[in-house]
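Worksheet: one structure, shown below.
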Amino acid sequence: MDRPMPSPMTALFALLGTLVFVGLAVLRWGGFGAFFARPARIALVIVTMVLTVASLFTGGNISPGEREDRGNRWVLAVFTGLGLLRAAAGHRRRTAGAQ
């Protein structure tokens, strides 16, 4: 089965989204040095990035075959905002306790 190349915007959003969440994990661990001090986390980031790139070229999906109601997409923004707020609250809590 021939699968068309992913659009540049799809690739950009996939890679940027992955980098944002890896960045949140790095922030949570206290910076690049602390995060990448363990070889397991280095491997995790490498595997995550490889799988993100590989996902752009696969033909699979988890769609049940039904059309999505595009009016429900607002929940994606809400969950993203909640995730960022939770990460910021955890960071603020850690830095306040370090003083």
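The values are calculated or read from the model by the stated rules, or taken from the named source; none is laboratory data. Every value quoted in this text rests on a predicted model; they were computed, and no experiment measured them. Accessible surface is based on the protein model in full, side chains and every heavy atom, while ligands, DNA and RNA are left aside. Shrake-Rupley method; radii C 1.70, N 1.55, O 1.52, S 1.80 Å.
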Return one whole number: the accessible area per residue of the chain in Å², for a 1.4 Å probe. 83 Å²
Given a 1.4 angstrom probe, I'd like the percentage of the accessible area of the chain that is carbon and sulfur, rounded to a whole number. 68 percent
On average over all directions, what projected area in square nanometres does segment 13-57 have, based on the convex hull of its Cα atoms? 2.8 nm²
Solvent-accessible surface (1.4 angstrom probe) belonging to T58, in square angstrom, nearest 10: 60 Å²
GNM result for the chain, Cα springs below 10 Å: residue of A14, A37, A87 fluctuating most strongly: A37
Span-like helices, the chain: DSSP H, alpha-carbon axial extent 20 Å or more, mean Kyte-Doolittle 1.6 or greater, which ones? 8-29, 39-55
At q = 0.12, 0.18, 0.19 Å⁻¹, what log₁₀ I(q)/I(0) does a Debye calculation on the Cα points of the chain give, no solvent, two decimals? -0.59, -1.08, -1.13
GNM on the chain, Cα springs under 10 Å; top mean-square fluctuation among L76, L84, L24 goes to L76
